[in-house]
Structure formats: C-alpha cells, structure tokens
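The values are calculated or read from the model by the stated rules, or taken from the named source; none is laboratory data. The structure displayed is predicted, hence computed values, not measured ones. Methodologically, a virtual Cβ is constructed for each residue, glycine included, from the backbone with ideal geometry; neighbour enumeration extends over all protein chains shown. Just the protein is used for accessible areas: all its heavy atoms, side chains included, with ligands, DNA and RNA removed. Shrake-Rupley method; radii C 1.70, N 1.55, O 1.52, S 1.80 Å.
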Amino acid sequence: MINQLLAVPLAPLLAFAIISLFTLRYNRLSACISIFGIAISLVISLNFALHLIISPHPEEYFMPWIKIGAVQIPLEIIVDPLSMMMLVVVSFVSLCIQVYSIGYMHGDTGLSRYYGFISLFSFSMLTLVLSNNFVQMYIAWELVGLCSYLLIGFWYHKPSAAAAGKKAFLTTRLGDVGFLIGILLIFKLTGTLSFPEVSAAISEGWISGTELTLIGLLISCGAIGKSAQFPLHVWLPDAMEGPTPISALIHAATMVAAGVYLVARVFFIFLPSTSAMAVVAYIGGFTALFAATIALAQNDIKRIVAYSTLSQLGLMMLALGSGGYTPACFHLMTHAFFKALLFLCAGSVIHSLHSNNIWDGGGLLRKMPITAICFIMGGFSLVGLPPFAGFFSKDEIFLTVFARGDTILFVMAAMTIFLTALYTFRLFFVVFTGEEKKKVHESPPVMTIPMILLAILSLISGWWGPQFSHLIHAEGAFHPEEEQLVMVLAIALAIAGIFFAWVIYAKKEVSSERLCQQFAPINSLLTNKYWIDELYGSTVVWFVQFVSSISRWIDVWIVDGLVNCIGKLTALLGRLIRLIQTGYLQNYIFLMIAGLVILLLIF
C-alpha cells in the first residue's frame, strides 16, 4: 500500500529525471513521458480515493527519514478525504493541462524543458498534499515556489517574463519567512512537528491561547503569500507572463490552492483562536471584494481570469476564517475544475486571436462554438448558478458567512458574487458576441477535448456535495443550517450581474465608454489596480534599494577597500624588498661590505 502511494508523487519525479537526463532534444517524446507520469499518478489516486469512499477510515504511514541527534523526523504520509480529494484534483487538472499544452505549445523549441518543469511541479504539489508533518510540507512548499519561478519565467528571453518570475519568487518568500518562524515556534513549544502530535498537544493544553494566535498568524503568512491574498497578491497577475497552460496550472488546483490547503490541513491550530480566525476571514473577505473590483476594469483576458482567482481564493479563506471547513474545501475542488476550464478557454481564444486584449475579440461564438460553450459553462459555475458546480460550493460559503452573523463579511461576500457575474460576462459578451473583428478558427481537438472534460466536471462535480460533506469534515468546524432566502439572494445577485453585463456590453443600451468617462477617477483607480504596485515601488522597493546601495558602498569601500589596501601594501613592500634581490653575486658582496662598513662606523 505504501509503495503504491509513494508512486503518486514519484511518477512525475521520474518523468522529470528522464526528460532532464535523456530526452531534452526530443520534444514529442518528452511530452509523452510527462503525460504518462501524471496519468499514473491519477490512476493510483483514483484507486485510493475509491477505497477511501468504500471504507472511510484515514490512514497514516511512517518511514525513517531524518535523524539529527535525539531529534527524529520520519517521512509521514496521510491518507484522508482531504488529501485524496487534492490528489485526484491536482493530478486530473495537471493531466488535462499537459494534453492541452501539446496543441498550445506546438512549435516551441523549449517543449522538453516545459514538460520537465511541469513534471517537477506536479511532484512538488503531490508531495505537499501527502505530507503529514511540517518539515516535509515546508520542503515541498519551497519546491512548489521554485517550480513556479521556473514556469512563470519559462520564456526567460522576455524581460517581462523574467521579472514576473522573480517577483513571484520574492513575494511568496516574504510569506514563507513567517511560515518558517511559525514552524520553529511549534517545535519549541511541543518538541514535535507531526500534525497529529501537534494537534494532540493543543488538545492537552500545552500551548496557550496567545501562543496559538501567534502561531496561527505566522502560518497564515505562508498561506497569504502562496494563495496571493492581500497584501501579497501583487505577484499573481504578473504571473500571466508565463504560457497560458501554466497560468491554468498555477491558478487552478495547484500552487495558489496550496495556501488554502495549508490552512485547512492545520485547521486544528486556527480553530481554538478566534483572533486568528477573524484575521483569516477579514483578509479573505477583503481580498475577494478587492480583486473583483480590479477585474472589472482589466482588458487582458488572462488578467481578468487571474483576478477572478484572487477573488475566489479570498472566498475560500473567508469560509475557513468563519469556521466553514467543509464549504472551503468543497469550493477548492469545484474551483479547480471551472477555473482551469476558464484559463484553457482563454488560451484557446488567445491561440486564435494572437492577442490577449478582449477588445480584439468579437463574434467568436459562431467561429469557436466549442470554446464559447465551454466558457459559458465555466462562467455559470464561477458565478454560482444552478445546477453548475460553483453554485453548490459558493452557496455553502454564503450560508456559512450569513450564519456567523458578521454583517461586514456578509456584505463583502454578497458584493463579490455580484461583481463576479458582472466581470465574467463582460468578458464573455465582449469576446464572443458582437461583430467579428478577426478571422479565427476553432482550436484543434487536442485542446478542445480537455476543455470539454473540465466543462463536464464544472457541471456535475457540485452534485457530489452531500457525499463530499459526509467525507470531508473537521472536528469542531461550523456547519450552517439551510436557509432558502440566502440561496435565493445569491442566485439573484449572480443573475443581476449577468443582466447588467448584457445590457452594457451585449445590447449596448448603456455606453461602457461613457461610463468610464463619467466615473473616470474610479476607472483610473481600478485600471491601475489601486496603484499598489506603484506604492510598493516607492516604499518597499525603494527602501530595499536604498539599504542595498548603502551595503554595496560599505562592501566596496570599507570591506573590500580594507582588504585591497592590505593587498596593495603587501605588494608594495614586496616590490621594495625585491630591489635587493638582484641575482648578481657582485651586488650581494657589495651590500655585505657596505653593511660591515656601516656597522664599523656605528660601533
């Protein structure tokens, strides 16, 4: 059993090794090896998931791993509904994206490198999901960050892509520092880093309430960085510089989901601390609304979907902070399917238009019907209309926030639902309806088939809600009661958003240009993303550059200057001493006689 489970992450790792060592010159072969590796992971994951559904008893596996003095850290693997759900979602979405990439990346000379990086990324994410202690998770966590840097900057010859990769790597590292400090504090207080043992220590009262709050806030720093929550959200939109399939991979079920998965996995740390829960909830609620407003004014199709990801991740964090463990995990699963679908649809549009600008589109509904229908299904799921998957999971989140009785958070969630529908169908009506501006064609089957599979899951995956809720739960988590009015309100808000988008961008009874002119300050604010990047550039970046310039001056003129001065002085003394080492015997005899004469004169 343990050997089969280890094969889930090791199959992509082996694919990465084979590609890196043997098949870099053979693009097609590398693609086949990578796809075969993740397919093995999916088959084994499905087998374990079915076994867990039939016999829902979590299992833990231990193997000797690290021993430092008296400290022993085993290799711990957890097989429970949460990890199995994530294994299936990550491996399935990754498989769809890798197959889709055959068509999208056709002709790229770096295809072998591309598939090698994706295989390494899949290994890192699958290892993270299976981890049952903080050390193992943190190693996989950092590997995911490294792979995201490599994939975002895949087209490294483009300065913008190289800069986006560095920005993602450095920004997420800021959050990871807090995560690492939290891990060290846990070890100091409990003497263990195993999730079950830390949970038991908290239950037995080994950690005080203040210490739990501090640990929760430190761990949430890592989640804020990886899941791009405010204020560390700035790296995610720039990550669009990578290939579109990579955007789908990072923004759907993998890297950005890692932060939500982390909070869900260590929910036992957050649950006893109302302060830590409140911080997670308010950061999530604010990020959801904040990102939704920015998406309204963006014209890049990938950036709109990227800000949608920020918003949906904010809703998941809002649910977790409100005690809704099951709704957050449920939405994490459904979001993986419909958001990967929307990104692949965006890639299909870009592949045909050769442009990311939504205003270059128009009339694609007739020329690209498969892409259009898939986008509609993904859009309906995203905004939360029944019977699509997003309706069931988003409704659970909305119910949880309502039942908690926090008016501010409820208003944030309600406004997010309305704005999500507005910007999603703004994109749809601008790109797929109206007059055709460019000659386009439907994408090849290798791209459309993965989209169709994800569209089907975007429809039916929400129907598994009761079974999902039965399997995935956390002790002490909040379970809201059904409230018909809340469900009706959520649907009404989504329909209202679609209606306004239809009136403005399809029927054009209200001019979008005139609206932008009338609300020019607000439009400028949203278009420029609240000038957060500029604010960071004039404060944080300026401060780092200032400190760096001072450090460079000290290094060059004081540290290096002192060392260089000693070296130059030694060289000067050497040149002076060398003057008396001529190699001529008569010179040495002359110096000896001169020395004797001087000594005789002195004495």
Restricting to lysines and to Cα separations under 30 Å from Lys166, and discarding same-chain partners fewer than 8 apart, the set is Lys158, Lys226, Lys302, Lys339, Lys529
Ordering 142-150, 287-295 by per-residue average of other C-beta atoms within 10 angstrom, highest first, gives 287-295, 142-150
Charge dipole of the chain built from unit charges on the beta carbon (Lys, Arg +1; Asp, Glu -1), centred at mean Cα; most positive-end Cα among Ile77, Phe388, His351 is His351
Answer in debye to the nearest 20: the dipole magnitude of region 121-274 about its Cα centre, from +1 Lys/Arg and -1 Asp/Glu charges placed on Cβ, is 320 debye
Here the relative contact order (percent) of the chain, from C-alpha pairs under 8 Å and at least 6 apart, is 12 percent
Calculated from DSSP helices alone, with each H run of at least 4 adding -39500 (n - 2.57) and the total divided by the residues of the chain, [θ]222 nm to the nearest 500 comes to -24000 deg cm²/dmol
Fraction of alpha-carbon pairs in region 516-603 farther than 23 Å apart, rounded to whole percent, equals 67 percent
Per principal axis, largest first, the Cα atoms of region 1-82 extend in Å by 45, 42, 18
In Å³ per residue, the alpha-carbon convex hull of region 123-186 encloses 61 Å³
Taking Ser91, Ser199 and ranking on accessible area (1.4 Å, protein atoms only), highest first, one gets Ser199, Ser91
Using alpha carbon centers only, region 400-466 is separated from region 52-78 by a whole-angstrom value of 39 Å
With a Förster distance of 41 angstrom and the Cβ-Cβ distance between Leu572 and Ile593, calculated FRET efficiency to the nearest 0.05 equals 0.90
The answer for chymotrypsin sites (Phe, Trp or Tyr not before Pro) in region 466-539 that fall in a DSSP coil and have at most 14 neighbouring Cβ atoms within 10 Å is Phe519
Long-range share for region 36-174, i.e. C-alpha pairs more than 27 Å apart as a percent of all pairs, stands at 32 percent
Of the residues Gly561, Ser524, Ser549, the Cα lying farthest along the dipole of region 498-564 towards its positive end, which is defined by charges on the beta carbon of Lys, Arg, Asp and Glu, belongs to Ser524
Packing-ranked peptide list from 438-450, 175-187, highest mean Cβ count within 10 angstrom first, is 175-187, 438-450
Checking rank on 218-228, 59-69, with mean other Cβ inside 10 Å and highest first, the result is 218-228, 59-69
So, for the Cα atoms of the chain, Rg and Dmax in Å stand at 29.3, 118
Expressed as a percent, the portion of alpha-carbon pairs in region 200-326 spaced more than 21 Å apart is 39 percent
Here the membrane-span-like helices of the chain, with no claim about any membrane, defined by DSSP H, Cα axial extent at least 27 Å and mean Kyte-Doolittle at least 0.5, are 2-21, 27-54, 81-104, 111-130, 159-190, 274-295, 301-321, 325-353, 407-432
